[in-house]
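Working notes for the structure below.
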Amino acid sequence: MKEYVCALCPRNCGAVRQPESGSGYCRMGTLPRIARIAPHYWEEPCISGTKGSGTIFFAGCVLSCVFCQNYCISQEHIGKAMTADELTDAVKCLEQMGVHNINLVSPTPYIESVIECFSRYRPSVPVVYNTGGYEKAETLRRLEGIVDIYLPDLKYIRPELSKTYSHAENYAEYAIPAIHEMVRQTGKPVLDSKGMLLKGTIIRHLILPQNTRNSIEVLDTIQKEFGDSVLVSLMGQYLPMGRAAEFPAVNRRITRREYEKVLDRYEALGLEGFVQELSSADAQYVPDFSDDPWKGVQQSNENQ
Ligand code: SF4
């Protein structure tokens, strides 16, 4: 793909994107910029299992949250531009390593390449689309038949929060219909006999410090909109990273009291899914990104 006028996500930039550069909000070219290809063991148990989830971390992000723990890829754009053929090679390589699934992390700016890659090659394991949730339902419709599992965040309900921390006042306005489209495609969660997810949607919510009311509204919305059609992953791993120091309210970890307040609501609503312990808030779980995306594969092979 040479020059491309982009309106893939709710930013609707209408920006011209060249193969290796772009003038839209995400600043990305059309060639997928990739910062890590490797089995990953810290997703939900039904995604990581024992053999790892085959992650491909894409650089550039349509949200760019100020506290992003992957700031060096989402906003500093570490990584290497790869063609759709090279992306297919990455999928095949991970598949040969025996991973449970192929996990595309923040692929939104590269949906055209994702469609090209998976239209040519269909892996034998499920394909996971892992996103911050700021998506257009009409764009996602094009992924029907390609994606088996959606892993969206639902970060905020309140526009003032999504504006302050993710520069997206209309976040919930887009994220909720987008998740409806994901659930329409996947149906209710289907697990195999070993408890690995084959199909379905898991909604993630990261509890932010000083924002338990937002978290409770998010959980209430999930119950009301999606009921038992989804699994819900409640995450207590928040670490103040990226530009968090510029935003005093989110420049600390969450407290046990905040965590338990949100957990109480999760349990009271009878949501099904996964709850992450507070102890998982540790920088050791942040992956090692590089301008050489294959470094992750090499490290995994050396550790075996
Ligand atoms: S993918 Fe990037 S360039 Fe395209 S509309 Fe979204 S932010 Fe703008």
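Conditions tested, residue by residue: (1) without any contact (Cβ under 8 Å) to a residue 60 or more places away in the chain; (2) touching an Asp or Glu at 6+ places or on another chain (Cβ under 8 Å); (3) not charged (D, E, K, R).
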site: Ala175; (1), (2), (3): yes, yes, yes
site: Ile179; (1), (2), (3): yes, yes, yes
site: Gly187; (1), (2), (3): yes, no, yes
site: Met196; (1), (2), (3): no, no, yes
site: Val230; (1), (2), (3): yes, no, yes
site: Arg256; (1), (2), (3): yes, no, no
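Residues satisfying the criterion are absent from the range 251-274 (criterion: part of a strand (DSSP E or B), crowded, with 19+ Cβ neighbours inside 10 Å and in contact with a strand residue (DSSP E or B) (Cβ under 8 Å, 6 or more places away or on another chain)). Looking across Cys46, Cys26, one residue alone is more than 11 Å from the ligand (Cβ to nearest atom), surrounded by 22 or more Cβ atoms within 10 Å (Cβ to Cβ) and not charged (D, E, K, R). It is Cys46.
Consider the range 29-43 and keep the residues that are in a loop (DSSP other than H, G, I, E, B) and away from the ligand (no atom under 11 Å from the Cβ). The one that is surrounded by the most Cβ atoms within 10 Å (Cβ to Cβ) is Pro32. Taking the criterion of being aliphatic (A, V, I, L, M) and near the ligand (Cβ under 6 Å from one of its atoms), the only residue of the range 11-23 that qualifies is Ala15. Could you please let me know if Leu8 is open to solvent by less than 50 Å² (accessible area, probe 1.4 Å), of a type in the set (A, V, I, L, M), within 13 Å of the ligand (Cβ to nearest atom) and more than 30 Å from Pro248 (Cα to Cα)? Criteria met by Leu8. The residues of the range 87-120 that are closer than 19 Å to Gln298 by Cα, of a type in the set (Asp, Glu) and in contact (Cβ under 8 Å) with a residue 12 or more places away in the chain amount to a single one, Glu95. The residues listed here are Ser233, Ser215; of these, the one that is among the small types (Gly, Ala, Ser), open to solvent by less than 20 Å² (accessible area, probe 1.4 Å) and part of a helix (DSSP H, G or I) is Ser215.
The values are calculated or read from the model by the stated rules, or taken from the named source; none is laboratory data. This one's a predicted model, so the numbers in the text were calculated from it and none came from an experiment. Glycine also receives a Cβ, built like all others from the backbone with ideal geometry; neighbour counts cover every protein chain displayed. Surface areas here come from the heavy atoms of the whole protein model, side chains and all, with no ligands, DNA or RNA. Shrake-Rupley method; radii C 1.70, N 1.55, O 1.52, S 1.80 Å.
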